[in-house]
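First comes the structure, then the notes that go with it.
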Amino acid sequence: MDTPTGGRNPLIQGRFDGSPDSVMTAINASIDMDLRFWAEDIAGSKAHARMLAKQGIIAADSAEKILAGLDTIAGELAAGTFKTDPALEDIHMHVEARLAQLIGPEAGLLHTARSRNDQVATDFRLWVRNAIDRLDAELAAFMAALLDQAEAHAATVMPGFTHLQTAQPVTLGHHLMAYVQMTARDRGRLADARRRLNESPLGAAALAGTGFAIDRHATAADLGFDRPMANAMDAVSDRDFALELLSALAIAGGHLSRLAEEMVLWASAPFSFITLSERFSTGSSIMPQKRNPDAAELVRAKTGRLFGSLQALLVAMKGLPLAYSKDMQEDKPPVFEAVDAFALAIAAMTGQVRDLRVNPARMRQEAGRGYSTATDLADWLVREAGLTFREAHHVTGRVVRLAEAEGLDSLADLDLAALQGVDARIGPAVFDVLSVEASVASRQSLGGTAPERVREAAAAARAAWL
């Protein structure tokens, strides 16, 4: 593509006599970023051309030439042979200029009854919609990996934590099902965002609509939108759809980061709960024995990019008067960066979960320590000995102090005489509830950690989401 004379965009230079400063050309051009949605731009232009011909605004043979030219341009873009020039500013002007080279002056008919304002809004919505569909598929694969592991380890006992202190015995399946629920909400947020964004700005023109007898419903349907946007000014100036995507990704990234943190901990020698796959680990440049959880650590770090992208776009949009301002050219980099970062993070987490090797013996060992069945003792005192829970809590606290004084790791290691020395109402049946297996099996309430409940929850999640 030839460089325009004087560095000014030849398609819109009529108002100007001189050439722009080189800095103006550099700051004004967006082709390096919006080249990314060339396919959406071509799709929008083709829908617009078909509608113009159907409405009799342009001749049918002109529309056919335009559509054929757009197909040629799409082939060049797909093949990587399309040449760009910063003076043409953006993907829209590049396509129109190349179309003029291919079919001549009739290329100028394509921009009838539209503006770059509604054009970029349409392209961006289409791109975000496609990105949501891709990321939802990635989240579905992640959810499937979690469910596979949760079902395989529905009865694998491990310590449950609060404040990162041993709390009660749970199962690994129960723990992983918590992330399944988080992922379900993440997918729900993306679905909600997709539903709201699926309205077409095309035909809103610059901000006021157009005097041509266009059919916005036709172009909306052609592009797979549910309906046209109701207000032309809102159509060109709204970026809620991008903010909703970034918000959803920031929350989802936070969930990935929490799991990544746990995997880093669990894979460390003091825990030794899991072994991470060599495919998602690295070595040390100096310590040959190391297997570093770099993939999990980088997932944690990617979350910062997601949060930063959301903040960047919020700040860019917060003070803009209606309708379009050039500030909105900066809406795409944070979205592109966030989508790329999240796609990489979710793929890495899916692989790590899928390849995870679990050490059940080590998990069981730690589940029995820290007096994790203390609540089971308190519950037993309420059910079998008739104590109020608050009184049972005090008795159990004294039993824990006794076990600590005797250097025992588990309440089940105390003998009956020692227990009755704390409270004579404790009988031999108490040992039926003090093992970690009994504790886990007893948690039968909806959402509980009992293996049967875990398997039921996994089956329900599969039916609902996969």
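The values are calculated or read from the model by the stated rules, or taken from the named source; none is laboratory data. Not measured: the values here are computed from a predicted model. For neighbour counting, all protein chains shown are included, and Cβ atoms are generated from backbone atoms with ideal geometry for every residue, glycine included. With ligands, DNA and RNA removed, areas are computed over all heavy atoms of the protein, side chains included. Shrake-Rupley method; radii C 1.70, N 1.55, O 1.52, S 1.80 Å.
Given the conditions (1) under 29 Å from the mean Cα position of the chain (by Cα); (2) hydrophobic (A, V, I, L, M, F, W, C); (3) in the same structural domain as residue 255 (by the TED database), which single one is not true for residue 155?
Of (1) under 29 Å from the mean Cα position of the chain (by Cα); (2) hydrophobic (A, V, I, L, M, F, W, C); (3) in the same structural domain as residue 255 (by the TED database), only one is false for residue 155: (1).
Looking only at region 290-303, how many residues end up being closer than 23 Å to residue 242 by Cα and over 13 Å from the mean Cα position of the chain (by Cα)?
So the count comes out to 2.
If the requirement is being within 27 Å of residue 244 (Cα to Cα), of a type in the set (Val, Ile, Thr) and part of a helix (DSSP H, G or I), which of these qualifies: 335, 353?
335
Mind checking which residues of region 356-411 are of a type outside the set (Lys, Arg), assigned to a loop (DSSP other than H, G, I, E, B) and loosely packed, with under 15 Cβ neighbours inside 10 Å?
386, 388, 406, 407
Given the residues 61, 41, which is the only one that is at pLDDT 95 or above, open to solvent by 10 Å² or more (accessible area, probe 1.4 Å) and part of a helix (DSSP H, G or I)?
Answer to the selection: 61.
Name every residue in region 100-132 that is among the hydroxyl-bearing types (Ser, Thr, Tyr) and within 19 Å of residue 237 (Cα to Cα), in order of residue number.
Residues satisfying the conditions are 115, 122.
Could you run through region 304-336 and say how many residues are open to solvent by less than 10 Å² (accessible area, probe 1.4 Å) and modelled with pLDDT of 95 or more?
4
Can you find, within region 102-132, the residue that is most open to solvent (accessible area, probe 1.4 Å) among those that are of a type in the set (Val, Ile, Thr) and part of a helix (DSSP H, G or I)?
Residue satisfying both the conditions and the ranking: 103.
Is there a residue being open to solvent by 10 Å² or more (accessible area, probe 1.4 Å), assigned to a helix (DSSP H, G or I) and in contact (Cβ under 8 Å) with a residue 24 or more places away in the chain anywhere in region 153-163?
No, that holds for no residue.
Would you check if there is a residue in region 440-452 being under 30 Å from residue 136 (Cα atoms), in a helix (DSSP H, G or I) and either not acidic (Asp, Glu) or not assigned by the TED database to the domain that holds residue 149 (or both)?
Yes, region 440-452 has at least one match.
Which of the following residues is modelled with pLDDT of 95 or more, open to solvent by less than 40 Å² (accessible area, probe 1.4 Å) and assigned by the TED database to the domain that holds residue 191: 52, 67, 135, 99?
135
Restricting to region 337-355, count the residues that are surrounded by fewer than 17 Cβ atoms within 10 Å (Cβ to Cβ) and among the aromatic types (Phe, Trp, Tyr).
Adding up the residues that qualify gives 0.
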